[in-house]
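First up is the structure itself, then whatever we jot down about it.
The values are calculated or read from the model by the stated rules, or taken from the named source; none is laboratory data. Computed from a prediction, not measured in an experiment: that's the story for all the values here. Heads up, the Cβs are rebuilt from the backbone with ideal geometry, glycines too, and the neighbour counts pull from every protein chain shown. With ligands, DNA and RNA removed, areas are computed over all heavy atoms of the protein, side chains included. Shrake-Rupley method; radii C 1.70, N 1.55, O 1.52, S 1.80 Å.
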Amino acid sequence: FKDAIEHTAEAVAIFSRHGVLEYGNPALSQLSGYTREDLVGKSWQDIYSDIDQALDFFKSDMSMMLGQPWQGKLHMHRKEGGEITVMSSFSPVCDNKTGAISQCIVIQRDIEQEERMRERMEKLQRTESLSVMAGGIAHDFNNLLTSIMGSATLISMSEKTDEESQGHCGRINESCQRAADLCNQMLAYSGQGRYQV
């Protein structure tokens, strides 16, 4: 069992019922930056900056807590300064004879990298949503341009259209062509390629 705990990737700490660290595995040393010798004998207030929320849970009703670990995010002090966010699980260890809590096992892992990954994924999803929206707008806008250009072309082809009106129709078509180029840019942004007007 000790070999298994020594080689697990999660940081494992065993505290006495008075909150003094009795054991820490190598992953705990790696997470905190402290050697095992530095860690043993520290109180959990020395190791965590916001331990009160976990301790309040344990103090509220010990008899109700047996077998029910407290789980949550805590901030662990690092030797070189600063803190690291860890997801922690506090489990009481009970004395077989008296049933009283004799120790507390804390298992924790670094979640800052996970949170950064989640933020990147959320950014990617927002970008994807924007590109889908840009593609939809570009297609709808292109359909409107088709109608405008078609009407302008029909007016310019009419025998009743004078030279001045034909000039206006030409400018309408030029503006529509510039707007179509804008549609192509939106489609390129959305990854849907170019659209032939």
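Structural remarks
- Sorted largest first by accessible area at a 1.4 angstrom probe radius, with every protein chain in place, the residues Arg17, Arg109 fall in the order Arg17, Arg109.
- Proximal lysines to Lys79, defined as alpha-carbon separation beneath 28 angstrom and excluding residues fewer than eight positions away on the same chain: Lys2, Lys42
- About its Cα centre, the chain has a charge dipole of approximately 320 debye under the convention of +1 per Lys or Arg Cβ and -1 per Asp or Glu Cβ, with nothing else charged.
- Under 5 Å between amide hydrogens, built in the peptide plane, is the criterion, and for Tyr48 it picks out His77 among residues at least 5 positions away or on other chains.
- Estimated FRET transfer efficiency when R0 is 22 angstrom, pair Glu83-Val40 (beta carbons, to 0.05): 0.60
- Top of Val86, Val132, Val20 by mean-square fluctuation, Gaussian network on the chain, Cα under 10 Å: Val132
- The chain, accessible surface, carbon-and-sulfur percent (1.4 angstrom probe): 54
- Comparing Gln108, Gln45, Gln185 in a Gaussian network model of the chain, where Cα atoms under 10 Å apart are tied by springs, the biggest mean-square fluctuation is seen for Gln185.
- Computed from phi, the 3J(HN,Hα) profile of region 155-166 under the Karplus parametrisation 6.51, -1.76, 1.60 (θ = phi - 60°) reads 5, 5, 7, 5, 5, 7, 7, 7, 5, 5, 5, 5 Hz, with x in place of Gly and Pro.
- Per residue value of the accessible surface for the chain (all protein chains in place, 1.4 Å probe), Å²: 65
- Residue with peak Gaussian network fluctuation, the chain [Cα springs, cutoff 10 Å], from Asp38, Asp50, Asp162: Asp162
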